[in-house]
1. Rounded if a/c is under 1.5, else prolate if a/b is larger than b/c, else oblate: which is region 255-414, with a ≥ b ≥ c the root eigenvalues of its Cα gyration tensor?
2. Using the basic label-point model (7 angstrom from Cα toward the beta carbon), what is the T77 to M362 distance in nanometres?
3. Suppose every K and R has +1 on its Cβ and every D and E has -1 on its Cβ; what is the size of the dipole of the chain about the Cα centre, in Debye to the nearest 20?
4. Over region 22-238, what number does the Rg to Rh ratio reach, with both radii from the alpha-carbon atoms and Rh per Kirkwood?
5. Lysines near K416 by alpha-carbon distance under 20 Å, same-chain residues fewer than 8 away left out - which ones?
6. Place the peptides 30-36, 292-298 in order of packing, highest mean first, counting for every residue the other Cβ atoms within 10 Å and averaging per peptide.
7. Are there any GluC sites (Glu not before Pro) in region 265-340 that are in a DSSP loop and have at most 11 other Cβ atoms within 10 Å? List them by number.
8. What number, in percent, do you get for the relative contact order of the chain if the mean sequence gap of Cα pairs under 8 Å and at least 6 apart is divided by its residue count?
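Any read-out appearing in this document is the output of simple, stated calculations on the displayed coordinates, not a laboratory observation. Worth saying up front: this structure is predicted, and the values here are computed from it rather than measured. Heads up, the Cβs are rebuilt from the backbone with ideal geometry, glycines too, and the neighbour counts pull from every protein chain shown.
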Amino acid sequence: MDRIRIVGGPELHGVIPISGAKNAALPLMIASLLTNETLTLENVPRLADITALLRILQNHGVDYKIDGKRPGEVQTTGRTLHLQAAAIVDTTAPYDLVSKMRASFWVVAPLLARMGEAKVSLPGGCAIGTRPVDFLLMALEKLGASIEIEAGYVVAKARKGLRGGEIVFPKVTVGGTHTALMAASLAHGDTTIHNAAREPEIVDLADCLVKMGAKIKGAGTSTIEISGVARLGGARHAVLPDRIETGTYAMAVAMAGGDVLLEGARPELLQSALDTLTASGVDIISSNEGIRVRRNGAPIMPVDVSTDPFPGFPTDLQAQFMALMTRAKGASRITETIFENRFMHVQELARFGAKIRLDNDMAIVTGVEKLTGAPVMATDLRASVSLVIAALAAEGETMVHRVYHLDRGFEHLEQKLVACGAVIERLAG
């Protein structure tokens with residue numbers, strides 16, 4: 001199993017190109033099941049989760065083609081992916097595929113909308129909380145589907161097609177909103193989604209569905225209106241830049257010090273996180289090229305933060321920000337409101353010498369003068385990169401184990417950091 005070796009100390013200087021967003025690419029790929037025509041997606045990142053979803057889509061009958069290398073293209077340039085589900089040959093998504101990645105469960109919506117039936121294994125993915133699928137299934141029931149759970153599978157049926165309805169989510173849910181959007185696009189009649197998620201990835205999916213012929217209003221607000229259409233066609237759509245990758249590298253520069261341009265990053269996608277970094281003493285400069293992050297000798301100041309749905313501080317940046325706060329000049333309080341089990345990185349950060357105390361859903365982080373390199377173990381995708389951030393500023397060598405988590409969500413992380421002066425390498429086995 002691969003490991004990553006990091007020697008802390010060097011500042012980061014240079015340019016890091018921001019990849020396409022994994023959390024946008026996955027639902028966009030799943031949307032290919034809604035049409036028999038070709039959906040072309042540009043700026044698709046090279047990630048393990050993308051490869052895993054392609055296998056799942058193939059199982060349903062999706063053919064795909066990835067464009068070959070083009071002039072000027074480098075490893076960090078997003079790929080172009082052509083997906084066509086001319087015929088759905090299988091409406092079952094088996095356990096051995098779905099258990100590897102939670103987002104793959106969302107295939108239930110387009111399969112049900114297009115074929116009138118779906119049998120999908122209950123999902124797997126990162127062990128950061130229960131994350132029940134109840135809201136997703138409730139949305140499908142509001143659109144007229146019958147839902148049963150049989151031997152670990154969701155069996156959904158709508159023999160006469162889905163029909164529009166009122167969906168009121170009791171809690172903001174990104175997965176539920178993605179599911180409702182896809183299902184309602186092919187439903188008979190009008191659908192209104194109340195308390196919808198407002199994340200940029202929701203807007204990106206809605207924009208793509210509109211290009212395919214869907215009728216959607218209000219994406220990006222808490223109320224989305226969809227008028228169902230009889231069929232959807234093909235389209236061409238570019239995946240938006242990854243706001244979580246942007247925030248992660250911004251925090252890495254803040255931790256190590258230096259001056260880095262995050263090329264292609266869009267500040268409006270993560271303004272809350274950028275404001276938090278500014279409060280911690282980091283210079284953030286936005287331009288047409290992207291976002292420049294700079295910290296040259298200034299101390300890291302403690303900042304209290306609470307995770308919230310967009311436009312609040314993202315839960316997917318909580319672990320990275322906690323790593324940064326371990327070197328702050330004082331104590332900070334980090335409250336996790338989204339997932340009940342997302343502090344698993346605390347014990348690993350403690351191995352660097354970090355001082356962190358847990359109090360229910362709050363972590364009290366008291367900054368220390370120095371961190372010391374140590375062998376650490378990745379527990380989930382975002383937690384794993386928080387260990388990398390800590391290691392960049394730690395004295396001596398750090399070895400990060402179980403880095404397959406990183407490969408699920410960060411495209412060429414080592415290469416991007418090495419290009420900016422970090423001492424980091426992957427060791428096989």
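1. rounded
2. Inter-label distance under the simple model: 5.0 nm.
3. 400 debye
4. Dividing the radius of gyration by the Kirkwood radius yields 0.94.
5. K22, K69
6. In descending order of packing, they fall as 30-36, 292-298.
7. Filter output for region 265-340: empty list.
8. Averaging sequence separation for qualifying contacts and normalising by length gives 21 percent for the chain.
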